[in-house]
1. What percentage of the solvent-accessible surface of the protein assembly as shown, computed with a 1.4 Å probe over protein heavy atoms, is contributed by carbon and sulfur atoms?
2. Given B:Lys21/B:Lys236; B:Lys107/B:Lys145; B:Lys81/B:Lys145; B:Lys81/B:Lys126; B:Lys21/B:Lys62; B:Lys43/B:Lys145, which pairs have Cα atoms separated by over 25 Å?
3. Only counting protein heavy atoms at a 1.4 Å probe, give the residues of the range A:144-169, ordered by number, whose accessible area falls by 40 Å² or more when the other protein chains are present relative to the chain alone.
4. Taking every alpha carbon pair in chain B, what does the distance histogram look like in 10 angstrom bins from 0, in percent?
5. Please sort A:164-172, B:136-144 by packing, taking for each peptide the average over its residues of neighbouring beta carbons within 10 angstrom, highest first.
6. I'd like to check one number: the per residue accessible area of the protein assembly as shown, probe 1.4 Å, reported in Å² as a whole number.
7. Taking each residue in A:181-194, count the Cβ atoms of any other chain within 10 Å of its Cβ, then average. What number comes out?
8. I'd like the interface area for chains A and B: accessible area of each alone minus the complex, both sides summed, 1.4 Å probe, protein heavy atoms only. What is it in Å² to the nearest 100?
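The values are calculated or read from the model by the stated rules, or taken from the named source; none is laboratory data. What you see is a predicted model, and the numbers here were worked out from it, not measured in a lab. Quick reminder, even Gly has a Cβ in these numbers, built from the backbone with ideal geometry, and neighbours come from all protein chains shown. Accessible surface is based on the protein model in full, side chains and every heavy atom, while ligands, DNA and RNA are left aside. Shrake-Rupley method; radii C 1.70, N 1.55, O 1.52, S 1.80 Å.
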Amino acid sequence: MFAGGIAKARRERATRITTYVVVSAAALALLISTDWPRVFDKLLNPEIAAAQFPEILTIAARNTLIFTALGFAGGFVIALTMALARISSVKAYRVFAGWYIEIFRGLPLLLTIILIGQGLPLAIPVFRGIPIFWRGVIALAVVTGAYMAETIRAGIEAVPPGQMEAGRSLGMTRAQTMGFIILPQAIRVIIPPLTNEFVLLIKDTSLISVLGVTVATKELTRWGRDGVIEFANATPLVVAGIIYLALTIPLTFVARRMEGGKGR
Amino acid sequence: MTKVIEIRDLYKSFGDLEVLKGIDFSVDRGEVVSVIGPSGSGKSTLLRCVNQLEESTSGQIKIEGYDTADPDCDMDRVRAKVGMVFQHFNLFAHLSVLENLTIAQRKVLRRSDEEAHEIAHRNMEKVGLLDKIDAYPNTLSGGQKQRVAIARALSMDPDMMLFDEPTSALDPELVGEVLAVMRTLAEEGMTIVAVTHEMEFARYVSDRVVFMDDGVIVEEGPPSEVLVNPQNARTKKFLQMILGD
């Protein structure tokens, strides 16, 4: 009934070897047919790479970090407000926060950036007074706030309900207990996921580049893209990419370490 | 004699589940009352209604003569005067023992750091754990946690202490140290209402035993009567079960 095992193993081995041979041959053909000097020249031209410095750090990377920091700070304030509204005893607050979160998590970030950066100033003239830089920050904060709100809410709900009862039983108000007892414990739980949000935001700042920017407000992606056009060479974009990785990979590593270290 | 707790015709439902079905219950100043009964009888809910951790469905609850249903009654002030000790301790996990004892003193009673520290030290000495005052809750045993929880409640200078099954979550060998602290409080004249399964405490420390079953008070009186010579069939059955006779 179970005979034929040896024949089957032999067949599987033959299939595996065939696959290796075909894939290796294709890779070899690709390697040989590629014009390597051209690839290196267009992606990793040392002179063009050198020409990016120091401005790619002092202007572009700096702007990326400024966008990220401001967007994150604004987003955190929005997220905390929305998380508290979401668990409020007032139904209107819960409903409002629920819709806010659903809408801005449901829209593509690029659409929201264009909507806030270009659409709103058309509809509401007052918005024209806000510099494009700040419109970008607002758009990032609005969207990242919606994502972080759910993270913060989950952190609050992870704190045992007995903590709130103990606070209340000592005469502290709901707000005092939330501020002194619940949130400090929730923050510890949500630092790793918030670090991940921060990493996402570093990358998402690249979308700001669709809004018109001045030389002084270029962030990494815009810097790289403009470089591609200027030099007819992709090296500036590759350098920008390496800088992104230098920021995101260590942070992701740190977040993973913190997650792993939880419960110690 | 002053009634510190006066409850009339108290009903409490969770959705369709009626947990308290018309409770009349009062406690005199300095009295030590043990509330006993099978699980699900509503004992803990009764206690939690006293300091409004649960909102009652109907009925009247007066604490120190103040009607808690009165819109002018500041429940936070009432709770500050009613010490509560929970089955699962509920120490603030992110704060040291000292901070556990001082935070509400500072935020609610507006005491100075110095005064709050002094009171915290005094109460940690009372529960015999002064050497643990700088420890964090996760380094303490269950019995130590519960003694800290008692010290935390005492630091608010409460008029009465409510104990909600304070020894139920403890390993058997740690029960004694918590009961000893409760006994000391009773001897000092503290008003105590304890929901408990500790028959020794009910028998020898309390002035009155209240037996609850199925959301009502079935029988109450001095421990020498309720525990030794129960009148109601349900009380008899419960005592037989719990004493293992």
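1. Values: 15200 of 25660 Å².
Within the protein assembly as shown, the accessible surface is 59 percent carbon and sulfur.
2. Values: B:Lys21/B:Lys236 21 Å; B:Lys107/B:Lys145 22 Å; B:Lys81/B:Lys145 21 Å; B:Lys81/B:Lys126 19 Å; B:Lys21/B:Lys62 18 Å; B:Lys43/B:Lys145 23 Å.
Among B:Lys21/B:Lys236; B:Lys107/B:Lys145; B:Lys81/B:Lys145; B:Lys81/B:Lys126; B:Lys21/B:Lys62; B:Lys43/B:Lys145, the Cα-Cα distance tops 25 Å for no pair.
3. With the partner chains in place, the range A:144-169 has these residues losing at least 40 Å²: A:Gln163, A:Glu165, A:Ala166, A:Arg168, A:Ser169.
4. All Cα pairs, binned at 10 Å, distribute as 7, 31, 36, 21, 5, 0 percent.
5. Details: A:164-172: 24.7, B:136-144: 16.4.
Most protected by this proxy first, the peptides run A:164-172, B:136-144.
6. Ligands and nucleic acids excluded, the result is 50 Å² per residue.
7. Numbers: counts 8, 2, 1, 4, 4, 1, 1, 2, 0, 0, 0, 0, 0, 0.
That works out to 2 on average.
8. 1700
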